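Structure, as structure tokens:
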Amino acid sequence: MTQKGMPRMNRFSIVFKRMHVYSLLAAAVFSASGTDARDAVIDLGITHQIIRGYGAANILQWRPDMTDSEIETAFGTDDGQLGFTILRLRIQPETNLWMTNIPTAQKARDMGAIIIAAPWDPPADMLETVNGIKRVRYDSYEDYAYYLDDFRIFMEDNDVPLYGISVQNEPDITDSWTSWTADEMLTFMRDYAHIILETRVMAPESFQFRRSMSDPILNDAQACANTDIICGHIYGGGLKAYPLAESKGKEVWMTEHLSGENSNANDWYWAFSVATEIHGVMHAGMNAYIWWYIVRYYGPISDGTNNSGKKGDVTKKGYVMSQFSRFIRPGYFRVESDKTPQAYVYLSAYRDGAGSKAVIVAINSSSNPREQSFVFQNGHAGKVTPYVTSETKDCQRETDIYLSGDTLTATLDAGSITTFVADVNEVVSVGNASDGSSSFVLGQNYPNPFNPSTHIGFEIPGSAFVSLKVYNTLGQEIAELGGKVYAAGMHTVNFGASGLPGGIYFYTLRTGNFTQTRKMFLMR
């Protein structure tokens with residue numbers, strides 16, 4: 001990202017970033033203008049993507065390390081904290097600097113965060129410059145894969161196992177760090193990415209989530225098999241659903257963005273734009289949202305510069321992010337909901353895997369309060385607790401609101417984000433897409449990595465015989481966790497791995513014509 005003394009993009013790219021934020025706000029306003037208010041239906045029985053979490057980066061060498069207080073603020077879930085669950089790190093080319101990542105990563109991990117990492121440049125002996133553009137030497141691809149895996153091993157040896165590792169930060173930027181063409185990225189993912197073990201391999205991390213970078217990976221059987229997460233950034237583009245990735249069973253993560261870098265994070269216009277951006281990311285079907293620096297004057301925690309407040313304070317942007325991150329926890333699912341039930345009002349809704357918690361995030365971009373009714377389907381709640389961030393409120397808890405039947409009626413403050421949190425019961429699962437295109441879900445096991453046991457969740461639309469088997473890397477069957485008829489709905493089974501060696505395992509769900517496999521990691 002842009003830092004003094006470290007140019008990130010040319011001035012045209014910065015214009016693209018600003019245009020992107022303006023387009024988000026404009027699209028939201030114009031898409032809803034002229035519509036009449038209606039009840040917003042929240043269907044807890046129809047699930048979309050699983051949510052892995054929200055977070056931001058701590059990139060050393062370019063910024064000071066986080067203090068203990070800042071780490072607690074970032075990853076804690078109490079009032080005045082952000083509730084982040086993802087920490088992004090830089091993989092330095094100099095291996096002697098890797099230890100600098102450990103202290104903050106360990107503390108974040110202890111608070112429940114998962115850790116991902118990305119390189120900007122490889123070691124110097126793997127690098128060459130051709131026509132003014134830096135690239136990994138073609139004869140060094142294997143060495144580069146082992147270099148990434150060495151970082152994974154180093155982090156694991158220091159008790160910070162990586163949830164995922166990116167092959168390259170923004171390979172389609174050609175003037176600041178190492179670049180990759182789509183063909184080069186495909187070659188690496190197809191022929192060398194398998195060398196990176198016991199973590200999720202993430203690619204291609206394009207700076208505009210360009211499909212020209214990721215489609216070739218998804219359309220190549222071996223490259224696709226070697227890729228666990230399709231990831232990218234949304235600087236001026238890429239904020240839309242990705243049916244091809246979904247059809248290949250790949251999660252889609254938004255792994256970096258920033259806006260308003262020339263103003264401070266307490267500027268309400270830019271803070272409010274983050275709410276509409278996260279709303280767009282969630283409705284695009286993405287599984288994670290990750291900001292740039294955690295501690296920066298334009299980020300969620302102030303660094304004390306540019307009139308952004310006292311160092312370590314949560315900024316307005318931070319409070320906006322916390323409306324999602326404090327309440328929508330890893331393993332929650334986005335559920336079916338009206339997106340724009342009236343002019344200037346935008347919604348997304350979620351529930352946990354057990355169906356015992358529901359969360360609604362309502363954004364009112366109007367300069368006037370808006371009354372909005374929400375109707376719960378396939379689940380019941382007695383009351384909700386609202387939390388509000390506006391120009392004058394900071395994730396402020398408000399008075400509980402009791403439902404009339406299954407209907408919640410609330411007044412949304414002008415220019416605000418309101419998160420409603422409810423205990424629910426009697427959730428009836430009916431699928432995971434409103435158009436019926438996919439009505440089966442095999443969730444990622446949790447926790448993962450795990451030791452000695454983990455939970456695996458799945459959802460089926462109707463009563464059916466389900467086979468759920470665990471395999472080792474040799475394809476040998478380890479356990480049958482299903483093998484019986486299950487009723488329609490969501491189910492969770494436990495896998496105990498006592499006596500098994502650490503490493504990668506796979507679990508496969510088969511029912512009718514549906515088959516899906518996921519990878520899990522047993523840590524010893």
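The values are calculated or read from the model by the stated rules, or taken from the named source; none is laboratory data. Computed from a predicted structure; not experimentally measured. Positions of Cβ are generated from backbone atoms using ideal geometry, with glycine treated the same way; all protein chains shown enter the neighbour counts.
Just to be sure before I move on: is Gly312 surrounded by fewer than 24 Cβ atoms within 10 Å (Cβ to Cβ), within 24 Å of Thr47 (Cα to Cα) and out of contact with any Leu (no Cβ under 6 Å at 6 or more places or on another chain) in the structure I sent? Write out each step before concluding.
Details: surrounded by fewer than 24 Cβ atoms within 10 Å (Cβ to Cβ): yes; within 24 Å of Thr47 (Cα to Cα): no; out of contact with any Leu (no Cβ under 6 Å at 6 or more places or on another chain): yes.
When the stated conditions are applied, Gly312 does not pass them.
Within region 63-94, being part of a helix (DSSP H, G or I), of a type outside the set (Gly, Ala, Ser) and either under 16 Å from Lys317 (Cβ atoms) or not assigned by TED's automatic domain parsing to the domain that holds Ala288 (or both) holds for Glu70, Thr73.
Just wondering, is there one or more residues in region 262-282 that are part of a loop (DSSP other than H, G, I, E, B) and in contact with a His (Cβ under 8 Å, 6 or more places away or on another chain)? No, that holds for no residue. Each residue in region 148-168 was checked for being part of a helix (DSSP H, G or I), out of contact with any Leu (no Cβ under 9 Å at 6 or more places or on another chain) and either at pLDDT below 95 or within 17 Å of Cys231 (Cβ to Cβ) (or both), and 1 pass.
State yes or no: is Tyr346 over 15 Å from Ile51 (Cβ atoms), among the aromatic types (Phe, Trp, Tyr) and in the same structural domain as Ser259 (by TED's automatic domain parsing)?
Working: over 15 Å from Ile51 (Cβ atoms): yes; among the aromatic types (Phe, Trp, Tyr): yes; in the same structural domain as Ser259 (by TED's automatic domain parsing): no.
Judged against the criteria, Tyr346 is not a match.
The set of residues in region 496-516 that are part of a strand (DSSP E or B) and under 17 Å from Glu198 (Cβ atoms) comprises Gly503, Ile504, Tyr505, Phe506, Tyr507.
Residue check: Thr492 meets all listed conditions (1) modelled with pLDDT of 95 or more; (2) assigned to a strand (DSSP E or B) but one, namely (1).
Has region 508-518 got at least one residue that is modelled with pLDDT of 90 or more and either of a type outside the set (Gly, Ala, Ser) or under 26 Å from the mean Cα position of the chain (by Cα) (or both)? First the steps, then the outcome.
Residues of region 508-518 modelled with pLDDT of 90 or more: none.
No - not one qualifying residue is present in region 508-518.
If you go through region 283-302 and keep only what is assigned to a loop (DSSP other than H, G, I, E, B) and either surrounded by fewer than 24 Cβ atoms within 10 Å (Cβ to Cβ) or not assigned by TED's automatic domain parsing to the domain that holds Thr73 (or both), you end up with Ala284, Gly285, Asn287, Tyr297. Considering region 303-337, and only residues there that are touching an Asp or Glu at 6+ places or on another chain (Cβ under 8 Å) and in a loop (DSSP other than H, G, I, E, B), the residue that is modelled with the lowest pLDDT turns out to be Gly331. Gly482 passes every criterion in (1) under 30 Å from Asp43 (Cα atoms); (2) surrounded by fewer than 17 Cβ atoms within 10 Å (Cβ to Cβ) apart from (2). Please specify each residue of region 340-394 satisfying the condition of being at pLDDT below 95, of a type in the set (D, E, K, R) and either assigned to a strand (DSSP E or B) or under 21 Å from Glu277 (Cα atoms) (or both). The answer is Arg351, Lys357, Lys383. Which members of region 469-489 meet the condition of being more than 30 Å from the chain's Cα centre (by Cα) and assigned to a strand (DSSP E or B)? Result: Glu477, Ile478, Ala479, Glu480, Lys484, Val485, Tyr486.
Taking the conditions exactly as written (hydrophobic (A, V, I, L, M, F, W, C) and buried (at least 20 other Cβ atoms within 10 Å of the Cβ)), does Ile102 satisfy them or not? First the steps, then the outcome.
Details: hydrophobic (A, V, I, L, M, F, W, C): yes; buried (at least 20 other Cβ atoms within 10 Å of the Cβ): no.
No, not satisfied.
Does Tyr332 satisfy the criteria of being of a type in the set (Ser, Thr, Tyr) and touching a residue at least 40 places away in the same chain (Cβ under 8 Å)?
yes
Scanning region 469-506 for residues that are touching a residue at least 40 places away in the same chain (Cβ under 8 Å) and closer than 30 Å to Gly379 by Cα yields a total of 6.
Does Thr418 satisfy being of a type in the set (Val, Ile, Thr), in contact (Cβ under 8 Å) with a residue 12 or more places away in the chain, touching a Pro at 6+ places or on another chain (Cβ under 6 Å) and part of a strand (DSSP E or B)? In short, yes.
Just give me the residues in region 395-405 being assigned to a strand (DSSP E or B) and not aromatic (Phe, Trp, Tyr), in sequence order. Working first, answer last.
Taking region 395-405 as the starting set, the residues that turn out to be assigned to a strand (DSSP E or B) are 396-397, 401-402, 404.
Within region 395-405, Gln396, Arg397, Ile401, Ser404 qualify.
What residue, among those in region 35-66 that are among the β-branched types (Val, Ile, Thr) and in contact with a Ser or Thr (Cβ under 9 Å, 6 or more places away or on another chain), is nearest to Arg351 (Cα to Cα)? Of everything passing the filter in region 35-66, Thr47 is nearest to Arg351 (Cα to Cα).
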